[in-house]
Amino acid sequence: MATETKRRGMMMGMVIGGAIGAATTLLLAPKSGAEVREDLSKRYRAVSDKTQELAATVGERGKDIASTVSSQATDLLDRAKESKQVVMDSLQQAKENRQQQQQQRSSEEANNSSSSFN
């Protein structure tokens, strides 16, 4: 995620730097006003197109990332539910085993008590 942010920042820096460089070059070049305006207009369109492409790419990547995160979150939630059920089943089984052991001990104690009186 940090790498993606760095890339995005670098791309924006390149676009902005290119636009500034192009504008500076055009303003300092020995051309007529009409030629400079035409060149600026072309450069502006080119930068605008690149910016739109970049925005579309970022939007698509954002959707892909959101979809992946959503899918992984759903998977994790399903696993957590399954794990919870396994734990609940284990606890229920342990409870039933303990109750059976207590009943067996009670029965054995009752048998031992009755046989010691005979």
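The values are calculated or read from the model by the stated rules, or taken from the named source; none is laboratory data. Just so we're clear, the structure is a prediction, and the values are computed from it rather than from any experiment. Heads up, the Cβs are rebuilt from the backbone with ideal geometry, glycines too, and the neighbour counts pull from every protein chain shown. We work out accessible area using only protein heavy atoms, side chains counted, and drop any ligands, DNA or RNA first. Shrake-Rupley method; radii C 1.70, N 1.55, O 1.52, S 1.80 Å.
Inspection of the stretch 80-96 finds no residue satisfying the criterion of being surrounded by 10 or more Cβ atoms within 10 Å (Cβ to Cβ), of a type in the set (A, V, I, L, M, F, W, C), over 30 Å from Glu4 (Cα atoms) and over 40 Å from the mean Cα position of the chain (by Cα).
Conditions tested, residue by residue: (1) of a type outside the set (Phe, Trp, Tyr); (2) open to solvent by less than 100 Å² (accessible area, probe 1.4 Å); (3) at pLDDT 90 or above.
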{"position": "Ala19", "(1), (2), (3)": "yes, yes, no"}
{"position": "Ala23", "(1), (2), (3)": "yes, yes, no"}
{"position": "Leu27", "(1), (2), (3)": "yes, no, no"}
{"position": "Val47", "(1), (2), (3)": "yes, yes, no"}
{"position": "Ile65", "(1), (2), (3)": "yes, yes, yes"}
{"position": "Asp75", "(1), (2), (3)": "yes, yes, yes"}
{"position": "Asp78", "(1), (2), (3)": "yes, yes, yes"}
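Residues that are among the hydrophobic types (A, V, I, L, M, F, W, C), over 30 Å from Arg7 (Cβ atoms) and in a helix (DSSP H, G or I): does the stretch 24-33 have at least one? The answer is yes; a qualifying residue exists. Being over 26 Å from the mean Cα position of the chain (by Cα) and either closer than 30 Å to Thr3 by Cβ or open to solvent by 90 Å² or more (accessible area, probe 1.4 Å) (or both) is true of Gln100.
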